Amino acid sequence: MDLPPSHDVARRARRRWSAPAWVLVPGVLVAGLAGCTGDDAAASSTPSSVVLQPGRPGEPATTVAPEDFVPDDSTAPRWNQADADFVTHMITHHLQALEMAELAVDRAEHEQVKAIASRIYDTQGAEIHGLAAWLAERDLPVPADVEQLDGSGPRAPGGGHAGHGDHGDHGDMPGMIGAEQMAALEAASGPQFDRLFLEAMIEHHEGAVDMAVTVLTSGEDLRTEELANDIGAGQAAEIARLQDILDAL
């Protein structure tokens, strides 16, 4: 499927003019004025403050008393449930891809399969940390399996991280590999593994692209849009590489 152009969607007309919420302007003490004596002098020596409220483009700024100032929250990050669901589900999606990539260490025969599995592990492992940071910044739950990642690539047999996923079916996440399909992948080796891995990973990537397209049309957060564009474009390109290897087997 075609992913919406990254720069077109990510630059939707949601970018708003923003300015500092307020600027504190100290009162000016005027000294040496004729006739300033007694109470007048005391009054003039007391600094005062006002809040400068910037206007919209083309509009003048206004001043208000500090107690009357109402902060403008129009520049606060905006996100909705579609953004949160995408980020949370994509972490689970990526974790399964890492588990599949780890299987290639001692099961794959084709060198290109091993190389692309290592690339998938490195790329998606890094993306998981960015996705987890998005959730943490918004005080949303982060999947516990993220803590098991240390940023390195697939392990040699016996030292892997197998077990990221639960091998269950995830009907709400496109492209997730079911328990039966994962079991077949784990039991295979050599050319059989290579073919099953490539077929499963193509399906997996297509699901991630679908998820990216969905949040680009229903989410609100600009950072989520950037993540979706990066993930969608990257996996769409990788689908073509996976298919080329599969066709050459």
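Any idea which of (1) more than 19 Å from the chain's Cα centre (by Cα); (2) part of a loop (DSSP other than H, G, I, E, B); (3) of a type outside the set (A, V, I, L, M, F, W, C) is the one ARG241 doesn't satisfy?
(2)
Which one is most open to solvent (accessible area, probe 1.4 Å) among residues in segment 125-145 that are outside any loop (DSSP other than H, G, I, E, B), farther than 19 Å from GLU225 by Cβ and in contact (Cβ under 8 Å) with a residue 24 or more places away in the chain?
Restricting to residues being outside any loop (DSSP other than H, G, I, E, B), farther than 19 Å from GLU225 by Cβ and in contact (Cβ under 8 Å) with a residue 24 or more places away in the chain, the top hit is ASP145.
Considering only segment 230-249, how many residues are of a type in the set (Val, Ile, Thr) and either within 21 Å of ALA108 (Cα to Cα) or open to solvent by 40 Å² or more (accessible area, probe 1.4 Å) (or both)?
Within segment 230-249, residues that are of a type in the set (Val, Ile, Thr) and either within 21 Å of ALA108 (Cα to Cα) or open to solvent by 40 Å² or more (accessible area, probe 1.4 Å) (or both) number 2.
Residues ALA61, ALA133, ALA76, ALA117: which one is at pLDDT below 95 and touching a Pro at 6+ places or on another chain (Cβ under 8 Å)?
Selected residue: ALA61, the only one of ALA61, ALA133, ALA76, ALA117 that is at pLDDT below 95 and touching a Pro at 6+ places or on another chain (Cβ under 8 Å).
Within segment 196-215, does at least one residue satisfy the condition of being at positive phi and over 24 Å from the mean Cα position of the chain (by Cα)?
To start, the set of residues in segment 196-215 that are at positive phi comprises none.
No, segment 196-215 has no match at all.
Limited to segment 175-225, what total is found for residues that are among the hydrophobic types (A, V, I, L, M, F, W, C) and not in a helix (DSSP H, G or I)?
Final tally of qualifying residues: 3.
Would you please name the residue that is farthest from the chain's Cα centre (by Cα), looking only at residues in segment 103-143 that are hydroxyl-bearing (Ser, Thr, Tyr) and more than 22 Å from ALA183 (Cβ to Cβ)?
So, considering only residues that are hydroxyl-bearing (Ser, Thr, Tyr) and more than 22 Å from ALA183 (Cβ to Cβ), the one farthest from the chain's Cα centre (by Cα) is SER118.
The values are calculated or read from the model by the stated rules, or taken from the named source; none is laboratory data. The structure displayed is predicted, hence computed values, not measured ones. Every residue, glycine as well, gets a Cβ built from its backbone with ideal geometry; the counts of neighbours run over all protein chains shown. For the accessible areas, the whole protein counts, side chains as well, though only heavy atoms, and no ligand, DNA or RNA atoms are used. Shrake-Rupley method; radii C 1.70, N 1.55, O 1.52, S 1.80 Å.
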